[in-house]
Amino acid sequence: MNEQQRLLAVENLQVTFDIMPRNAWPWTRPQPLKAVNNVSFTLNEGETLGIVGESGCGKSTLARAIMGMVPSQAGKVMWLGEDLRGLNLKQLRKRRQRLQMVFQDPLASLSPRMTVGDIIAEPLRTHYPDIKGAELREKVDAIMDRVGLHPHQKNRYPHEFSGGQCQRVGIARALILEPKLIICDEPVSALDVSVQAQVINLLKSLQRDMGLSLIFIAHDLSVVKHISDRVMVLYLGNVAENATRAELFANPRHPYTQALMAAVPIPDPERDRANPPAELEGDLPSPMNSPSGCVFRTRCPLATDYCSKEIPVLEDKTGAGHWVACHYVEREEKLN
Ligand code: SF4
């Protein structure tokens, strides 16, 4: 893979929020909440990276930090070789033409006072004020058609559309500036299963036809399986595992990934009875009070004393791009 094909390289990105504890005294200092901790990954042109983890694992914060929508305290967000963290707001807005986002709640993410035609046209009006009249209408009609909406619906308001249609409006709005990358933050979580498949298929066809790259965030591994080339598993703001889709699903190595896999329903009750899945126990700890050592240790069936003392380093355990942060996998490799 040569450097020209690399779109995004996130290096040791760190996002911390200062949170005031509940019932705190007025003189109490805010406590740091590490939402994203030393996250690194790369994304190439035309590639889809799936990001999974339970709610509260830092997936959405990571997406917003990449976009510059929340401040990050350390690390780099290299977009086409340029660090977005070093740019001012005006420069960042310009780069965002090629770096768009689709949000989780389709209806809530669209302005209820604007027609869908105006919602889709808004980014074009902002970035290219010279495009107006018939040319603007043509572009909006074409993109509505491309995402499976009828252009004659452009004078309607978001509340007149179903959830799936609203998500298509959000995708059309993201596409109108011809981006290179779209970050989809749980774009199907709020949709019915049948509509989820339609939206995923739409994103896949757009990616194929337009050469788009996608970052696809979900809390469900079975959803990212259908769309991702690589999958990155996040736990409490840390990368637990990052591998190609084929490798991750064939050989999940981190105990957290294995637990997420076990939670995916298999349409074969016989197999489930023969091999009962090891379920993930307990709740996600508060990121304001992360466990020492390995952050997963309080829920990990393989945890040892050593896990509470040493933070596992994210390492390529195969030499072929299968990254895992677990002492146990390291030991297993040494025994082999
Ligand atoms: S480092 Fe220890 S606690 Fe963490 S995932 Fe590996 S075995 Fe479990």
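Looking at the range 128-242, the helices (runs of 4 or more DSSP H) lying wholly inside it that each contain 3 or more residues that are of a type outside the set (A, V, I, L, M, F, W, C) sit at 133-146, 163-175, 193-210. Within the range 301-316, residues that are free of Cβ contacts under 8 Å to residues at least 40 places away in the same chain have Cβ atoms under 7 Å from residues that are within 8 Å of the ligand (Cβ to nearest atom) and in a helix (DSSP H, G or I) in these pairs: 303/297; 306/327; 307/297; 307/327; 308/297; 310/327; 312/327, counting only partners at least 6 apart in sequence or on another chain. Here residue 294 passes the criteria (1) at pLDDT below 95; (2) in a loop (DSSP other than H, G, I, E, B) except the one numbered (1).
Listed conditions (1) part of a helix (DSSP H, G or I); (2) surrounded by fewer than 17 Cβ atoms within 10 Å (Cβ to Cβ) are all met by residue 85, apart from (2). Residue 274 meets the conditions (1) modelled with pLDDT under 95; (2) under 28 Å from the mean Cα position of the chain (by Cα) in every case but one. The failed one is (2). Can you find a residue in the range 6-27 that is in a strand (DSSP E or B), surrounded by fewer than 17 Cβ atoms within 10 Å (Cβ to Cβ) and among the hydroxyl-bearing types (Ser, Thr, Tyr)? Within the range 6-27, none of the residues are in a strand (DSSP E or B), surrounded by fewer than 17 Cβ atoms within 10 Å (Cβ to Cβ) and among the hydroxyl-bearing types (Ser, Thr, Tyr). Within the range 300-314, restricting attention to residues that are more than 17 Å from residue 234 (Cβ to Cβ) and more than 7 Å from the ligand (Cβ to nearest atom), the residue that is surrounded by the fewest Cβ atoms within 10 Å (Cβ to Cβ) is 305.
The values are calculated or read from the model by the stated rules, or taken from the named source; none is laboratory data. Note that the coordinates shown come from a computational prediction; the quantities given were computed from them, not determined experimentally. All Cβ positions, glycine included, derive from the backbone under ideal geometry; neighbour counts span all protein chains shown.
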